[in-house]
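Have a look at the structure below, then the notes.
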Amino acid sequence: AAFFAAEPMDVYRNIVQAVVRQFPGAVSLISILDGNFLEFRAAAGMPPEAEGMSGNTLEDSYCQFAIENKSALRIVDATRETVYDKVLPRKLGYNRYLGVPLYGDEGEVIGTLCLLDRHTGREFLDEEERFVSLLAMRAGSEVLRERNIEQRMKQKEEALARQEKDLQRTQVVLETMNAGFELI
């Protein structure tokens, strides 16, 4: 039941908190792709120096590799591969990563659910990847629900704006007709 709520943000928070409960000492993020930027939709376990970060560029994150490959990515020791040398978390000592892409309506990658920690060299179990993958599926469906809500709200706002405009026109017509009746 913790993964269902009226507000998508509540669901996102529950998901990242479930990840950090399962992986003590980890940072967990739901990141949504916006061009070359990953917006942190929800975060748990953030170190004090990173609190308040709204996201990071794609090239500064391990997520770029999970997004590029469109599949889950396990990194047990980022120090062993030079491809990760420029990634910001790697520079901060977060050398272990598990990231799972979030998918949109048409199968496109829209973001990731990931965890990073400093347990360098500790392998991820298949069950742990399945757990994070399951939560990623829930996060992805919640992003789609959130977008649907936003789209419906926008449509309703546009409809209200049209109704307001029609009401103003009707008011002008009525005022003109009343003025004409007064003259008669």
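Rounded to the nearest 0.05, what FRET efficiency is calculated for Thr82 and Ala50 with R0 set to 30 Å and r the Cβ-Cβ distance?
Numbers: r = 24 Å, r/R0 = 0.81.
After rounding, the FRET efficiency stands at 0.80.
What is the total of Lys pairs in segment 58-184 with C-alpha atoms under 26 Å apart, excluding same-chain pairs fewer than 8 positions apart?
Values: Lys70/Lys86; Lys70/Lys91; Lys154/Lys165; Lys156/Lys165.
Taking segment 58-184 as the scope, the lysine pair count is 4.
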Open item on the list: Normalised radius of gyration for segment 1-52, please: alpha carbon Rg relative to 2.2 N^0.38 Å, two decimal places.
Closed with: 1.18
- [ ] Enter the accessible area per residue of segment 21-138 (Å², integer; probe 1.4 Å; all protein chains in place).
- [x] 51 Å²
- [ ] Over the alpha-carbon set of the chain, work out the extent along each principal axis and list the three values in angstrom, largest first.
- [x] 92, 36, 34
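What does the C-alpha gyration tensor say about the overall shape of segment 1-93? Classify as rounded when a/c is under 1.5, otherwise prolate if a/b is larger than b/c, or oblate.
Working: a/c = 1.73, a/b = 1.54, b/c = 1.13.
Since a/c reaches 1.5 and a/b is larger than b/c, the shape of segment 1-93 is classed as prolate.
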Open item on the list: Between Leu174 and Gln155, what is the label-point separation in nm under the 7 Å Cα-to-beta-carbon projection?
Closed with: 3.0 nm
TODO: Roll a 1.4 angstrom probe over the protein heavy atoms and tell me the percent of accessible area of the chain that is carbon or sulfur.
DONE: 53 percent
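Over the chain, what is the relative contact order in percent, taking alpha-carbon pairs closer than 8 angstrom and at least six residues apart?
Details: 267 pairs, mean separation 34.5, N = 184.
Computed value for the chain: 19 percent relative contact order.
The values are calculated or read from the model by the stated rules, or taken from the named source; none is laboratory data. The model shown is predicted, which means the values in this text are computed figures rather than measured ones. Methodologically, a virtual Cβ is constructed for each residue, glycine included, from the backbone with ideal geometry; neighbour enumeration extends over all protein chains shown. Side chains are part of the model used for accessible areas, which takes the heavy atoms of the whole protein and leaves out ligands, DNA and RNA. Shrake-Rupley method; radii C 1.70, N 1.55, O 1.52, S 1.80 Å.
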